[in-house]
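The values are calculated or read from the model by the stated rules, or taken from the named source; none is laboratory data. From a predicted model like this one, the values you see are computed outputs, not experimental measurements. Cβ atoms come from the backbone with ideal geometry, glycine included; neighbour counts cover every protein chain shown.
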Amino acid sequence: MKKTLCLALAILMTLSLIAFSASAETTDKVSLEIWVRASFYDIVSKAAAKYMVLHPEVTLNVVQPSDMSDQFALALSSGDTPDIVSMDCVLIPYYASIGALADITDKFNALAYKDAFSGGLLDLAKYEGAQYAVPFAPDVSVMLYNKAHFKEAGLNPDAGPATWAELIDYAQKLTIADHYGYIYGAGDSGTMMFTFVPYIWANGGDVMSADGTKSMLDQPKAVEALQLMCDLENKYKVSPEGITSYGWTESQDAFLSGKASMIVLGSNAVWGMITGKYDIDAGICLIPSPDGKTYSSFSGGDSIAIVQGCSNPDAEWDFIQYCLSEEVQVEEMAQFGQLPARSDLFDNKYFNENPEFKVLQEALRVGEAPYSLKYNEMYVPFLDGVQTAINGTMSAQDAFTSAAQNINALLAG
Amino acid sequence: MTVRTTTILEGAALKRRVFNTAFILPVLVINILFFAIPFVKVFYMSLFKWELLGTHSFIGLKNYMTAFQDKTFLNSLGFTFEYALLVTPMLFVLAFVLALLVNHSVRGIGIFRTIYFAPVVISMTTCSLIWLWIYNDLYGVLNYLLTSSGLISKNITWMNQASTSLPAVCFMITWKMAGFNMLMLLAALQGIGEDVHEAASIDGASGAQRFFRITLPMIRAHVGLALVISIIGSVLAFEQFRIMTKGGPSSTTMTAVNYMYNTSFKYFKFGYGAALSMVLLVILGILSYFQFKLLQDPTE
């Protein structure tokens with residue numbers, strides 16, 4: 001009996017020691033969870049793997065939620081949040097406003113390369129003057145055109161349309177029985193924001209006032225841009241009839257399958273053309289502007305942030321800095337066609353080989369994005385306005401006046 | 001002796017009760033965990049202005065009052081019922097035809113049953129994407145077949161207006177879900193003994209008479225159940241419209257659940273989204289009650 005008791009005590013003590021040593025070991029080890037959207041999952045995963053080699057005391061778990069916005073909202077409401085999140089930059093103002101992200105103003109200001117980011121993207125990462133995120137993987141909208149179609153129509157395949165007049169003229173020449181001149185996805189708000197709103201900016205208009213409190217869609221410059229889309233569809237008939245039912249995929253597929261000659265797409269598509277992933281000889285240019293001088297682009301993509309209430313802000317900031325380093329921005333991003341967030345890294349061996357990237361860099365320089373705490377809520381009234389005008393249910397002016405009223409009502413609510 | 005017998009009987013009854021409860025318990029626990037508790041929580045949330053983070057303020061029934069004045073919600077409800085009214089008869093007619101066709105014990109019938117049932121196991125998202133491609137007006141195969149065969153001279157923009165997108169989605173759903181209803185009806189049909197039909201035939205009943213006077217009344221309860229499941233499924237329509245029509249153009253094909261999803265997970269108005277869910281739950285409850293009443297056997 002005594003023997004058994006002693007043996008049991010010994011086993012218990014041994015187990016306690018093992019448990020203690022294990023717990024002591026885990027307290028030294030930093031474990032971070034990073035959430036990232038599908039488009040940038042591979043990049044962050046590779047960066048995390050490299051980082052863990054350099055910092056064996058850190059364990060990084062990179063997670064790709066099926067829908068970042070939904071999943072992050074659920075995580076916040078349940079209190080089980082990741083440590084770092086890389087999300088669509090247009091959503092940063094909202095999440096910063098509700099206190100979901102940590103204020104990183106001091107850390108950001110200490111960066112040697114803090115002036116190397118796109119001004120538009122940096123503004124989106126701020127709320128009430130404080131910095132809540134850092135641009136990490138930008139995506140800009142540019143025009144792509146089918147060079148073979150250009151040659152067939154007698155157009156110069158080395159230059160896309162520079163002005164709205166050229167866009168109409170080229171689209172008319174390119175529209176034949178087999179394909180349309182210009183295509184876009186007017187069935188999806190996100191697609192229209194990315195591909196159509198640059199026309200408004202290039203015309204001197206805007207979606208929102210600078211402080212994000214009022215819709216500017218009912219102003220003449222925005223209405224003129226919508227009228228251009230209506231004219232392409234209804235007057236010149238150079239866009240397909242089903243345009244208001246297309247999203248990103250349908251419009252891109254139509255372009256890639258040769259059913260349309262010109263389209264506005266993003267950096268990923270440009271990389272697909274360069275690498276031969278898409279079997280099409282495409283040219284790239286900035287989105288046409290009224291005068292061919294003042295260009296614009298939608299500056300989208302991901303910004304990276306520390307989630308409020310995280311356990312180890314210094315370790316998290318260290319990994320974010322690593323994601324912004326040349327090792328990641330050039331070797332993991334530029335090498336695979338992704339535009340670096342830092343302008344001081346544009347001059348790299350990978351981009352210098354491809355003149356197409358110069359267009360992307362210029363697009364990032366002139367890029368903008370609407371600043372709103374209710375960006376998602378603007379989607380429906382904005383798209384309704386675009387669709388009612390294109391379908392001819394309302395004039396462009398009436399459609400955007402109605403959209404602006406609905407958006408203003410949402411902002412006031 | 002009598003006391004002892006009573007005690008033994010009571011003990012047996014207690015054992016049986018415990019035994020029966022043990023069988024019900026798993027379902028009871030699941031229902032409490034995944035229906036009763038969330039139901040109470042959703043109702044509780046619906047009484048608050050419940051944002052993503054921060055404190056929640058009690059506003060009583062204000063969310064419900066807003067819902068009844070919310071034109072977008074009312075329009076989405078109207079469209080949802082329009083869809084349910086259109087797709088349910090389509091589903092049932094095809095399911096009945098298929099069930100009657102495969103209700104035979106001939107060699108190889110299992111292959112046909114499997115083929116008709118196969119679309120049910122494909123996810124709704126996958127089906128929606130496949131049919132979106134089929135309906136595409138630029139490179140879709142349907143327009144190609146219709147123009148090649150000379151049935152139409154110009155491609156139809158199926159998804160560009162509700163007048164064509166609604167029937168197109170209903171057709172896809174019929175293709176996808178008819179097999180499920182077929183299976184339920186087939187099980188019911190196979191529950192009817194051959195002798196019943198034989199007796200009716202001897203009495204001189206025609207095929208149509210046998211179907212309407214014998215088959216249909218005998219499977220009434222099964223039809224009722226299939227109808228309730230089908231109506232609930234239609235009223236909860238989400239992925240097919242979100243993917244195929246994107247709720248457009250101009251929100252004309254926005255379903256009630258799509259609007260709720262936007263309200264809760266895109267606009268983060270969880271309190272209002274919860275109130276909309278409660279309204280839909282009550283509507284579904286009333287609908288199901290009347291359907292069961294309508295299909296109840298009057299002789300029972």
> From the residues in region B:166-179 that are surrounded by 20 or more Cβ atoms within 10 Å (Cβ to Cβ) and touching a Pro at 6+ places or on another chain (Cβ under 9 Å), which one is farthest from B:I219 (Cα to Cα)?
Replying inline: B:K176
>> Tell me whether region A:216-237 contains one or more residues that are farther than 19 Å from A:M394 by Cβ and within 14 Å of chain B (Cβ to nearest Cβ).
In response: yes
> Of all residues in region B:101-159, which are away from every other protein chain (no Cβ under 12 Å), surrounded by 15 or more Cβ atoms within 10 Å (Cβ to Cβ) and either in contact with a Ser or Thr (Cβ under 6 Å, 6 or more places away or on another chain) or not in a helix (DSSP H, G or I) (or both)?
Replying inline: B:N103
>> I'd like to know if region A:94-102 contains one or more residues that are more than 30 Å from A:G258 (Cα to Cα) and more than 14 Å from chain B (Cβ to nearest Cβ).
In response: no
> Do you know which of the residues in region A:1-59 that are assigned to a strand (DSSP E or B) and modelled with pLDDT of 90 or more is nearest to the chain's Cα centre (by Cα)?
Replying inline: A:V36
>> Kindly evaluate B:I59 against the criterion of being among the β-branched types (V, I, T) and within 30 Å of A:D80 (Cβ to Cβ).
In response: yes
> Between residues in region B:91-116 that are in the same structural domain as B:F171 (by TED's automatic domain parsing) and closer than 22 Å to B:H197 by Cβ and residues that are of a type in the set (S, T, N, Q) and surrounded by 14 or more Cβ atoms within 10 Å (Cβ to Cβ), which pairs lie under 6 Å by C-beta distance while being six or more apart or on different chains?
Replying inline: B:A95/B:N181
> Where in region A:127-214 are there helices (runs of 4 or more DSSP H), lying fully within it, with 1 or more residues that are polar (S, T, N, Q) and crowded, with 17+ Cβ neighbours inside 10 Å?
Replying inline: A:189-195
> Counting only residues that are touching a residue at least 40 places away in the same chain (Cβ under 8 Å) and assigned to a loop (DSSP other than H, G, I, E, B), how many does region A:325-339 have?
Replying inline: 3
> Could you say which residue among A:D211, A:D206, A:D253 is within 13 Å of chain B (Cβ to nearest Cβ), within 24 Å of the chain's Cα centre (by Cα) and among the acidic types (D, E)?
Replying inline: A:D253
> What do you reckon, is B:V3 of a type outside the set (S, T, N, Q), at pLDDT 90 or above and in a helix (DSSP H, G or I)?
Replying inline: no
>> Please determine whether any residue of region B:165-183 is part of a loop (DSSP other than H, G, I, E, B) and either among the acidic types (D, E) or in contact with a helix residue (DSSP H, G or I) (Cβ under 8 Å, 6 or more places away or on another chain) (or both).
In response: no
> Is it the case that region A:281-291 has a residue that's within 14 Å of another protein chain (Cβ to nearest Cβ), surrounded by 19 or more Cβ atoms within 10 Å (Cβ to Cβ) and more than 19 Å from the chain's Cα centre (by Cα)?
Replying inline: no
> If A:D398 satisfies every condition in (1) within 14 Å of chain B (Cβ to nearest Cβ); (2) without any contact (Cβ under 8 Å) to a residue 60 or more places away in the chain; (3) in a helix (DSSP H, G or I); (4) touching a helix residue (DSSP H, G or I) at 6+ places or on another chain (Cβ under 7 Å) but one, which is the exception?
Replying inline: (4)
>> Given the criteria touching an Asp or Glu at 6+ places or on another chain (Cβ under 8 Å) and more than 25 Å from A:A210 (Cβ to Cβ), does A:L345 qualify?
In response: yes
> Among A:A171, A:A148, A:A159, A:A137, which is touching a residue at least 60 places away in the same chain (Cβ under 8 Å) and closer than 18 Å to A:L364 by Cα?
Replying inline: A:A137
> If A:K277 passes every condition in (1) assigned to a helix (DSSP H, G or I); (2) more than 14 Å from every other protein chain (Cβ to nearest Cβ) but one, which one does it miss?
Replying inline: (1)
> Do we find a residue being within 14 Å of chain B (Cβ to nearest Cβ), at negative phi, outside any helix (DSSP H, G or I) and in contact with a Pro (Cβ under 8 Å, 6 or more places away or on another chain) anywhere in region A:301-320?
Replying inline: yes
> So A:A254 fits all but one of (1) surrounded by 22 or more Cβ atoms within 10 Å (Cβ to Cβ); (2) at positive phi; what number is the exception?
Replying inline: (2)
> From A:P381, A:P313, which residue is farther than 16 Å from A:C89 by Cβ and outside the structural domain of A:V134 (by TED's automatic domain parsing)?
Replying inline: A:P381
>> Quick check on B:S288: is it more than 14 Å from chain A (Cβ to nearest Cβ), more than 23 Å from B:L47 (Cα to Cα) and surrounded by 19 or more Cβ atoms within 10 Å (Cβ to Cβ)?
In response: no
> Being more than 9 Å from chain A (Cβ to nearest Cβ), in a loop (DSSP other than H, G, I, E, B) and either within 21 Å of the chain's Cα centre (by Cα) or closer than 25 Å to B:P89 by Cβ (or both), is that true of even one residue in region B:260-281?
Replying inline: no
> Counting only residues that are in contact with a Phe, Trp or Tyr (Cβ under 8 Å, 6 or more places away or on another chain) and hydroxyl-bearing (S, T, Y), which one in region A:37-71 is farthest from the other protein chains (Cβ to nearest Cβ)?
Replying inline: A:Y51
>> Looking at region B:31-48 only, could you name the residues that are farther than 12 Å from B:S277 by Cα and surrounded by 16 or more Cβ atoms within 10 Å (Cβ to Cβ)?
In response: B:L47, B:F48
